[in-house]
Each structure stands twice: as C-alpha cells, then as structure tokens.
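One structure is given below, encoded as structure tokens.
Every number here is computed from the coordinates shown, using simple stated rules; none is lab data. All figures in this text were calculated on a predicted structure; none of them were measured in a lab. Cβ coordinates were reconstructed from backbone atoms using ideal geometry, including for glycine residues, and neighbour counts include every protein chain displayed.
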C-alpha cells in the first residue's frame, strides 16, 4: 500500500480484505498476474456484451453501404456530404434485400435500418427531369447497337462528351489568386396570382421573374452577402437580353473587385438571354469604363448542353421548397419576402434599371461580327489600346486570334439608354386572371385589399403602355448607367 512517506507500506492482510470486502483468492490472483505481466488485469464485468457478437455484422453492412454509387444533389443550399441513390432504389427495405442476397451473415431489417440511419447520410433520388439529351440518345444507341465497332465509337463519343462537361465544372470551382467567378441564371417563372384552384392550370397568369447572380466563393458557401436576386414582373419589362445584361452589369458594379485581375462569367448558353452580342457589349462596356484599372480581362464560359448545373440551382432549390409551403400568393411583395431569406434582393425600377444594351450594341458592333457566337464555348474580352474579343470552341486550348468587333471610330464607351418600365398585358390574359379570381374569391373580389395588385393588373391601372411598344430615355456620355 502506497503512502507519501514510503511508496509501499505493509498493512494487515486480514484488515485489508475485510475493509474492501474482497476475497483472499481474488487479491492473490490479481497480485500474481501483476507480478507476471507488470500490468493490472482489465475489467471484464458489465459493459457491451453484444458488441463483439454484432461487430462483424455491423462492419459488413457498413461496407455494403459505402460501396453504393450515389450523386450529390445540385439543388442543396450549400456543399453537402449527403448522397442520393439512383431512382431505381426507392427504400431501405430494398437495400436490405440486396444486402441479404449477397451477405454471408444475414441481419434483421431493423439492425440494417439502424446502421443506415445513424452511420450514413444517404437519400433516395427522384427520376431525372433535366437529363442531357445527347447522353440519353447515345446510351440508347449503345444498347440497341449490335456492331462492336459502332458500339465502341458511340461509347467513345459519350466519354468525350462527359469529359468536356467535367472540364467545364472545373472552371466553376477553379481557385486562383486574382480570379473572380460569377454565375447567373433564371429561375422558373413564378405566377401571380398563385392559388391552389384547379382552374389555375388552364389559366394565363402574370409572370414574376427571378434572375440570380452568385459571387462564387472558394468554400462554395451561398449567403445573402454573395447571392444577388434581381426580380421584376412581366408587366415591367420583358425577359430578354437587355434585362439579363443590365442585372449582371449592376452586380459587377456592386461586387468588390479589389485585387482581381480577371473575371469569369458563367451561365447557360441561352442565345436569347446570355450568349449574344448584347451581352458581349455589356461586358466590354463595363471592362472599359467601370472595371478597376488592374482588371484586364473578362472570360465568358458556357457549358456543354445538358450539363449546366450552376451554383444558382442551389439557391433555386431552396426557394422552390419554401414556395411550395405557401399555397396562395396575391402580391409580388410576398415573393420578395421569400427571396430576401436567401439573398440580397434588387427590384427593377426601385434598386436597378433595365438598360438597352441591345440598341447600343447594334449601333456600335460590326455587322456581321468577325466572330461566331453560337459555335464557341468561351469568350475572352481583353482591355488594351482597344477592347478585343477572342472566341474558343473548347475549354482547354487557345487557338484563335483576338478581334476588334466595334465599327471603325466606335468603342465600348457609349452608355446605353434607360428602358422605361411598362409592358402591355394582353386582353386574353387579363380575362383569364379575372375569371380565375372570380372562381377563387367570388364576385366583388376587386374590393378586397388582399387582391389589390391583381385587381390593378386586370383593370389596366398599372403599366398600361401599349403591348410591344418600347419607351426609352437617353443618357449622356458621362451620366451613370444604373442605380447604385
């Protein structure tokens, strides 16, 4: 027995045994084991008596689940480790049946389910509705082809197509000092009024547009500080290239470009909105007149068709979940309140203006252009003595020469004109909205304050400009070109 004065002190054995209520044989056995091995014998009483029995089964289930092939959802808010299984696998019981067919030691369903639930982050995916048409077509051709040479050729075509898509995604996630990556896209049109009535499926309604710009970060986070939501209504402005270009132009002027020498703009390849001469002029105009002096180049990158999953889709996924919880929306302000939870919202006519970049690009750029827009995947707009544009058909090599695309004596310095808000709504759409509200709220619905906005659209009290008529006011060369 140890004391402070002496590491060991002799005590009476009988007193020691009675004081601790232990038997003589037990103490002698412990002492003998300590003298032989130099360590105390481990306590084996109590604890997990079944862990050793089920450890092998638990490990077998874990190994089975780890080898499942899943995919990350591109509709989540942030980067996540949760994987989604193919749509062909629909339940935990189906997985358990698959495991039982190949396992040497079958386990009970509840045991399998506990391991699946508490040790893994696995979900069940839904059938794809936005799959790549080329991928689907080539896969079906491979299944139907009997000629080995032709089948090999199709497999090579599919592999090259997927490789190009993967290279595009590396452009979105590239981390390099001095590079700023900005992604943007349109969400699916939202309707006003939004009501659960069955007749709404057959009625024309007013559209609410959401154009989202994301200032991509290295950690992939999406916050209200780096997500910019530009919104307007169908009766404010069309959903066209000047509106999209104006939103990106406003975002470029809002985003901090300190220490940045190159900006990469990433979007889908929609020719009517993003991939056109209007957008090229906007980028050249910002680069030449509003970009920091050290920023010398803008790159525009467009995806392989069918593989345009951008960070914006994560924002849209969260918004759509929240919108599904709200069955009735009668006013645009209700949409805006939901948008504000996910990003900084800019309302057209209040926080930013649509600028007619199409009109100024038509006056300034050569016709025809010395470059082919639709045939290329990347555009490089560089600032020097003059602003030049270089196009490339792929994501890796630089094979083409830069071109000056402005007319002789013209430059990108000309400011666009403001587009006055107000687009006419057709009488047929007004009639459908009126009929829908009568079915939804009954006669006299126009006097209810909840439906004030819908009533103003139906009666033509807001934005009563004639349909397809544009009204613009010019800016001076030195006037600011948007609201900040």
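On full extension, the segment bounded by residue 255 and residue 449 gains 66.0 nm, given 0.36 nm per residue less the C-alpha separation.
Seen against the Cα atoms of the chain and their longest principal axis, helix 277-289 is set at about 80 degrees.
Roughly speaking, what is the stretch gain from residue 170 to residue 197, that is 0.36 nm per residue apart minus the C-alpha to C-alpha distance, in nm to one decimal? Write down the numbers at each step before the final one.
Working: separation 27, 0.36 × 27 = 9.72 nm, distance 4.44 nm.
Result: 5.3 nm gained on full extension.
From the helices alone, meaning DSSP H stretches of at least four residues, give me the mean residue ellipticity at 222 nm for the chain, per-run term -39500 (n - 2.57), in deg cm²/dmol to the nearest 500. Walk me through the numbers before you get to the answer.
Values: 14 runs with 178 residues, N = 484.
It comes out at -11500 deg cm²/dmol, rounded to the nearest 500.
Neighbour counts of other C-beta atoms within 10 Å: give me 369, 40 arranged from fewest to most. Please report the intermediate quantities before stating the final value.
Values: 369 14, 40 9.
Ranking 369, 40 by Cβ neighbours within 10 Å, fewest first, gives 40, 369.
Helix 148-173 against the longest principal axis of the chain: what's the angle in degrees, Cα atoms only, rounded to the nearest 10? So the helix axis and the longest Cα principal axis differ by about 90 degrees.
Once the chain from residue 427 to residue 336 is taken as fully extended at 0.36 nm per residue, the excess over their C-alpha distance is 30.1 nm. Here the Kirkwood formula, the inverse mean of 1/r across different C-alpha pairs, assigns region 150-230 a hydrodynamic radius of 16.8 Å. P(r) tail for region 194-259: Cα pairs beyond 14 Å make up 68% of the total.
Report, as a whole number in µm² per second, the diffusion coefficient that Stokes-Einstein gives for region 221-371 at 10 °C and 1.306 mPa s using the Kirkwood radius over alpha carbon pairs. Let's see the in-between values first.
Values: Rh = 17.1 Å.
Calculated translational D: 93 µm²/s.
Rounded to the nearest 10 degrees, the angle from helix 51-66 to the longest Cα principal axis of the chain is 20 degrees.
Could you check what % of the DSSP bridge pairs in the chain are antiparallel, to the nearest 5?
65
Rg and Dmax, both from the Cα atoms of the chain and both in Å, are 33.1, 113. Residue ranges 267-279, 386-398 sort as 267-279, 386-398 when ordered by packing (mean number of other C-beta atoms within 10 Å per residue, highest first).
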